[in-house]
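The values are calculated or read from the model by the stated rules, or taken from the named source; none is laboratory data. In this text the structure is predicted, and so the values were computed from the model without any measurement. Cβ coordinates were reconstructed from backbone atoms using ideal geometry, including for glycine residues, and neighbour counts include every protein chain displayed. Accessible surface areas use protein heavy atoms only, side chains included; no ligands, DNA or RNA. Shrake-Rupley method; radii C 1.70, N 1.55, O 1.52, S 1.80 Å.
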Amino acid sequence: MSDAAAANLSVSDEVAIQIIGMHKWYGDFHVLKDINLTVNRGERIVVCGPSGSGKSTMIRCINRLEEHQKGRIIVDDIELTHDVKNIAEIRREVGMVFQHFNLFPHLTVLENCTLAPIWVRRLPKKEADDIAMHYLERVKIPEQALKYPGQLSGGQQQRVAIARSLCMSPKIMLFDEPTSALDPEMISEVLDVMVNLAESGMTMLCVTHEMGFARKVANRVIFMDGGEIIEENEPEEFFHNPQSARTKLFLSQILHH
Amino acid sequence: MVDASRSYEPGTHPDLPPPLAVRGPILWMRKNLFGSPLNVILTLVSLYLLYLIVPGILNWAVFDAVFVAGSREECREIDSGACWALANVRFGQFIYGFYPVSERWRIDLTAVLFLLALLPLLWDRTPYRRQWFIYSGLFPLVAFFLLVGGFGLDRVETTRIGGFTLNVVIGVTGIVASLPLGILLALGRRSHMPIVRTLCVMFIEFIRGVPLITLLFVASTMLNYFLPPGTTFDLILRVLIMVTLFSSAYIAEVVRGGLQAIPKGQTEAADAMGLGYWQSMRLIVLPQALKISIPGIVNTFVGLFKDTTLVVIIGLTDVLGVGRASLADSKWQGLAWEVYVFIAILFFVCCFSMARYSIYLEKKLHTGHKR
Ligand SMILES: Nc1ncnc2c1ncn2[C@@H]1O[C@H](COP(=O)(O)OP(=O)(O)O)[C@@H](O)[C@H]1O
Ligand SMILES: [Mg+2]
């Protein structure tokens, strides 16, 4: 059933993201320890783990919101180095959705969506508007285009944030707990959009504790703790047959209420 | 079953207008003026004080005042109130200083052109705003040419620019030049580059730690000492530079406060989209930070504008200087009240307009509910 749905989605054997022996420190604090991860094009990876385990830090390294100190990160065949050009190129291809939406409150929904296409991709305004309206329709809020973010509900804001990222036609999407700041009744509207996106074949790396979402669309679930990847498996195996004691404990904590 | 105390079925309650008693002047008075015994007492005491003060002021300033007369003596013969005849007779000097009378139209023209240059900046629905901005950008050159002369216009020594014109010239130049400079300093102070940061911090702290008068004295005397011998460097220009530097340090701190209030998520979102540093500052961070900083920025500008009267100390004849000079005139001796009230009104009108505009701007830039 659910894993059958996941299997329908094609995964190519081209590599989208490759992380090799990556370490990161905040000062003396060793946050990420020897992270190794390969994500193929079209794959949908769910990352979970207790708070403070380094999930956000890991995905933020992928678009250089955080800098890693050791190891290699290769995104879309471009290696992340100190070269500003590489960083800019990777950021153009990688979209990110944040826990707190991070919409720009002084711009309308439409302007939020067209900003990067106009200033980074240098599209004419008309074209950027058309693209933005297309994606706003896809996340089902075209009628809010001229409102300001402060006038929308949390769920609507997060859908705008997703549309905003999609307007750059990214090859990879990163999600950092996109539903954790939402009231319960708004979670499903955002998850629906994400499922829809997964079904369109987008490469996705999602930090989330929505296990229903993981079951439905993920190819693999990754469990992190203490800055390490502890376990990595297909969803069914991961949920029904966790290997390590820490995974079992974590699953019992998030599933039993 | 319908509960007798309910007028609507559960789930069918329509949106009703608020009860009338929530608004209206009588209710407003009851709430704000006579809400409690203490409130009643305060209201009555205030009314009594107003009764004592206001008629006196009105009599002096308007009803018993003299607007046309040849000297203080004549004023006194006509009526007992304020002798505005002085401001009337000397009005030209108060406004234009010692600028040649035949050339005063140049100042008037500059003022009109200035207001036109201001229009697209202050009002975002100006037609052809973009093209208009080009004119606004060129205005300083136009103003310089008109005030100082050249290209067929008679040259006027800059020392002859005086009166309220001088205050406005110094104030406006300081305001216009110190805002961008202050923003750059604020960004520099938060820079990741240690050299830039240190330089900005040192500049800001030095300027803030020194009284403006000291800087003006430096401008009027010591700069000559540092400059190569033989160079003449216009005194008013030196004052303009000092005033600009002075207020830019304050603007920088005000803007830094605004920058700090912007959540980190905003720059992160901009970074993640691939915007560069300057793009993210210009499009995302500064519009929000400046909006928060409006009260502080306007406060600095108002202070700067009033501080322009300090130039009288280094020998420039601004409106205060003209006022003092006219008090020394034997025909008008002893009219200090009239002179200073007149000057106060000039400044008040300008500063109050700035304050009102800032409130309008804040309202206009407000988007949606605060959380
Ligand atoms: N900027 C920072 N400076 C220092 N420590 C940080 C910083 N950001 C996160 N950390 C620490 O790194 C660890 C991992 O954080 P994070 O990646 O946000 O965890 P998660 O997203 O899994 O909850 C936490 O212990 C957190 O306190
Ligand atoms: Mg996190």
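Numbers for the structure displayed
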{"item": "Per-residue [θ]222 nm for chain A (sum of -39500 (n - 2.57) over DSSP H runs n ≥ 4, rounded to 500)", "result": "-12000 deg cm²/dmol"}
{"item": "Candidates B:Arg30, B:Arg125, B:Arg76, ranked by Gaussian network fluctuation over chain B, Cα under 10 Å, top entry", "result": "B:Arg30"}
{"item": "CD proxy at 222 nm, helix term only [per DSSP H run n ≥ 4: -39500 (n - 2.57); per residue of chain B; nearest 500]", "result": "-21000 deg cm²/dmol"}
{"item": "Residues with amide H under 5 Å from that of A:Thr203, placed H, sequence gap 5 or more", "result": "A:Gly42, A:Met173"}
{"item": "Other protein chain Cβ atoms within 10 Å, averaged over every residue that makes up B:262-270", "result": "5"}
{"item": "Estimated distance in nm for a label pair at B:Phe91 and B:Asn59, the labels positioned 7 Å out from Cα along Cα-to-Cβ", "result": "2.8"}
{"item": "Test item: Cα-centred dipole of the protein assembly as shown, Lys/Arg +1 and Asp/Glu -1 on Cβ, debye", "result": "1380"}
{"item": "Other protein chain Cβ atoms within 10 Å, averaged over every residue that makes up A:97-106", "result": "5"}
{"item": "Most mobile of B:Phe34, B:Phe342, B:Phe233 in a GNM of chain B (Cα contacts under 10 Å)", "result": "B:Phe34"}
{"item": "In Å², nearest 10: area of B:Ile284 left accessible to a 1.4 Å probe", "result": "0"}
{"item": "Sequence-distant residues sharing a close amide H with A:Met224 (under 5 Å, placed H)", "result": "A:Cys48, A:Gly49, A:Ile230"}
{"item": "Zone residues, region A:218-245, relative to A:Ser252, backbone N less than 11 Å from point 7 Å out along Cα-to-Cβ", "result": "A:245"}
{"item": "Choice from B:Val66, B:Val341, B:Val40 showing the highest fluctuation, given a GNM over chain B with Cα pairs closer than 10 Å", "result": "B:Val40"}
{"item": "Separation of the A:Asn196 and B:Trp337 label points, Cα + 7 Å toward Cβ, nm", "result": "7.6"}
{"item": "Kyte-Doolittle mean at least 1.6 and Cα axial length at least 20 Å: DSSP H helices in chain B", "result": "B:37-58, B:163-189"}
{"item": "No Cys partner within the rule (Cβ under 4.7 Å), chain B", "result": "B:Cys200, B:Cys350, B:Cys351"}
{"item": "Cα coordinate range in chain B, projected on the principal axes (Å, largest first)", "result": "97, 67, 43"}
{"item": "Solvent-accessible area buried by A and B, counting both chains, probe 1.4 angstrom, square angstrom", "result": "1900"}
{"item": "Share of carbon and sulfur in the accessible heavy-atom surface of region B:251-371 [1.4 Å probe, %]", "result": "64"}
{"item": "³J(HN,Hα) computed for each position of region A:221-238 - Karplus, 6.51 cos²θ - 1.76 cosθ + 1.60, integer Hz, glycine/proline x", "result": "10, 10, 10, 10, 7, x, x, 10, 7, 8, 8, 8, 7, 5, x, 4, 4, 4"}
